[in-house]
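Heads up, the thing below is written out as structure tokens.
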Amino acid sequence: QVQLVESGGGLVQAGGSLRLSCVASGIRFSNYLMQWYRQAPGKQREFVAVIASDGSTNYADSVKGRFTISRDNAKNTVYLQMNSLKPEDTAVYSCKSTWYSLNYWGQGTQVTVSS
């Protein structure tokens, strides 16, 4: 059974930092493309960041320079370090794993940034 479990969300003031974690089980983690998405209230889910199995990364323009995605294959975990947070970063953040046509999602963790 595949599970992705996010943690690390919470309430933070603007300018602050949070680190999200997503622990995967039931998959060969090192093979998978790992991504973070977010969905704000009343908005569509949007891409945040991705890290490939070779460690290459890509980011949405809105978070470039502020967020960093990383992975620890030994711990089956992907991280999202979020710095200089803004109120518009408030959303439910979810991780997604992809390998060919296989896609799995976590349940999400709430991030709230107060002004």
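Taking Glu88 and the conditions (1) part of a strand (DSSP E or B); (2) of a type in the set (D, E, K, R); (3) closer than 18 Å to Gly10 by Cα, which numbered condition does it fall short on, given that it satisfies the others?
Of the numbered conditions (1) part of a strand (DSSP E or B); (2) of a type in the set (D, E, K, R); (3) closer than 18 Å to Gly10 by Cα, the odd one out for Glu88 is (1).
Under 8 Å by Cβ, and 6 or more places apart or on different chains, what pairs join a residue from the range 37-59 that is closer than 17 Å to Gln81 by Cα with one that is open to solvent by 70 Å² or more (accessible area, probe 1.4 Å) and outside any strand (DSSP E or B)?
Matching pairs, first to second residue: Tyr37/Arg45; Arg38/Arg45.
Kindly provide the set of residues from the range 87-115 that are of a type in the set (A, V, I, L, M) and either open to solvent by less than 20 Å² (accessible area, probe 1.4 Å) or at pLDDT 95 or above (or both), ordered by number. Walk me through how you get there before you give the answer.
Taking the range 87-115 as the starting set, the residues that turn out to be of a type in the set (A, V, I, L, M) are 91-92, 102, 111, 113.
Listed by number, the residues that qualify are Ala91, Val92, Val111, Val113.
Output the number of residues of the range 10-27 satisfying the condition of being modelled with pLDDT of 95 or more, β-branched (Val, Ile, Thr) and open to solvent by less than 30 Å² (accessible area, probe 1.4 Å).
Summing the residues that are modelled with pLDDT of 95 or more, β-branched (Val, Ile, Thr) and open to solvent by less than 30 Å² (accessible area, probe 1.4 Å) in the range 10-27 gives 1.
Restricting attention to the range 67-86, does a residue exist that is open to solvent by less than 60 Å² (accessible area, probe 1.4 Å), among the small types (Gly, Ala, Ser), within 11 Å of the chain's Cα centre (by Cα) and modelled with pLDDT of 95 or more?
Yes - at least one qualifying residue is present in the range 67-86.
The values are calculated or read from the model by the stated rules, or taken from the named source; none is laboratory data. In this text the structure is predicted, and so the values were computed from the model without any measurement. For neighbour counting, all protein chains shown are included, and Cβ atoms are generated from backbone atoms with ideal geometry for every residue, glycine included. For the accessible areas, the whole protein counts, side chains as well, though only heavy atoms, and no ligand, DNA or RNA atoms are used. Shrake-Rupley method; radii C 1.70, N 1.55, O 1.52, S 1.80 Å.
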